[in-house]
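Encoded as structure tokens, the structure appears first; notes follow it.
The values are calculated or read from the model by the stated rules, or taken from the named source; none is laboratory data. Because the structure is predicted, anything quoted here is derived from the model rather than measured. In this analysis, Cβ positions are derived from the backbone assuming ideal geometry, glycine residues included, and neighbour counts consider all displayed protein chains.
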Amino acid sequence: MMKRLLVYVAGAMFLLSASGCLVAESTYLKKVQEYDGLSKELGELQQTHKKLVQENAALKVQFSKLTEDAATLTGEKKQLEDILKAKSDTLSKNITDLRQEVASLKAENGRLNDGIAALQKAKEEKVKEVSGTYEQLLANMKNEIAMGQVTISELKGKLTVNMEAAILFDSGRADVKPEGLDILNKMVETLKGVSDKAIRIEGHTDTVQISGALTRTFPTNWELSAVRAINVTKFLQQQGLDPRNLSAAAFAEHKPVADNSTKEGRAKNRRIEITLVAKD
């Protein structure tokens with residue numbers, strides 16, 4: 001009985017011992033697995049750490065460079081701002097100056113336009129006055145004009161009365177004959193009304209030279225044309241024309257208006273021209 005009990009106890013203890021070994025071995029394996037896992041994780045973390053350290057160093061270098069670039073850009077920005085401000089100030093001043101100049105030019109243009117308008121009006125008045133003089137002379141000398149002894153022309157405000165010498169002077173003479181004085185008298189009242197023009201009396205001849213006894217009085221056609229112009233001028237002064245508006249000029253045969261090879265042409269070239277011209 002006792003032997004059987006001991007066998008049971010021994011068996012039980014053996015079973016307990018075997019069970020304990022199995023438990024211990026299972027726990028050990030778990031620990032080993034945990035260790036392997038942790039070791040692997042540690043290795044991975046070390047690799048990650050190393051990589052992060054390298055990236056950090058690179059980022060620090062990049063950050064430093066960016067900081068320097070930022071400082072440079074800040075300096076350049078300040079310079080640009082200063083340049084832009086200076087240019088802006090210059091432009092503002094230029095704009096102000098230009099505005100003032102434009103205003104001055106507009107004012108000056110306004111004055112010039114007013115002046116042009118006034119001059120244009122004055123010119124129109126003068127043209128109207130010359131045209132009025134022209135019409136009066138045409139009316140007063142219509143008979144002489146009809147006979148071809150007198151022509152009156154008006155061009156661009158210049159009025160010219162052309163009279164053949166034969167109606168004013170005898171051949172080879174410079175004194176105005178009575179019939180010539182009557183013709184001149186037809187112009188006197190009209191010419192008295194001319195105040196803004198100078199009245200020039202011109203003497204002209206043909207190409208036939210002075211000869212014989214006449215050369216003692218008129219050595220050349222210059223003297224003949226000059227004395228005739230002067231005598232007409234003196235007569236107009238005696239009739240009340242302002243001598244300050246009168247002048248006499250001699251051209252002899254050097255300004256012909258017709259062909260001197262014909263009798264008719266020479267008659268046209270022997271003439272007195274009374275011209276209304278601008279005052280000096």
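Can you pull out every residue in region 188-199 that is under 16 Å from SER247 (Cα atoms) and either modelled with pLDDT of 90 or more or surrounded by 14 or more Cβ atoms within 10 Å (Cβ to Cβ) (or both)?
VAL188, LEU191, LYS192, VAL194, LYS197, ALA198, ILE199
In region 133-153, which residue that is in contact with a strand residue (DSSP E or B) (Cβ under 8 Å, 6 or more places away or on another chain) and either of a type in the set (S, T, N, Q) or over 20 Å from GLU264 (Cα atoms) (or both) is surrounded by the fewest Cβ atoms within 10 Å (Cβ to Cβ)? By that ranking, first place goes to SER153. Filtering VAL257, VAL227 for residues that are loosely packed, with under 14 Cβ neighbours inside 10 Å, closer than 19 Å to MET163 by Cα and assigned by TED's automatic domain parsing to the domain that holds LYS186 leaves a single hit, VAL257.
Of all residues in region 231-266, those being β-branched (Val, Ile, Thr) and either on the phi > 0 side of the Ramachandran plot or touching a residue at least 40 places away in the same chain (Cβ under 8 Å) (or both) number 2. So ASP206 ticks every box in (1) outside any loop (DSSP other than H, G, I, E, B); (2) under 19 Å from VAL150 (Cβ atoms) but one. Which box is left unticked? If we test ASP206 against (1) outside any loop (DSSP other than H, G, I, E, B); (2) under 19 Å from VAL150 (Cβ atoms), just (1) comes out false.
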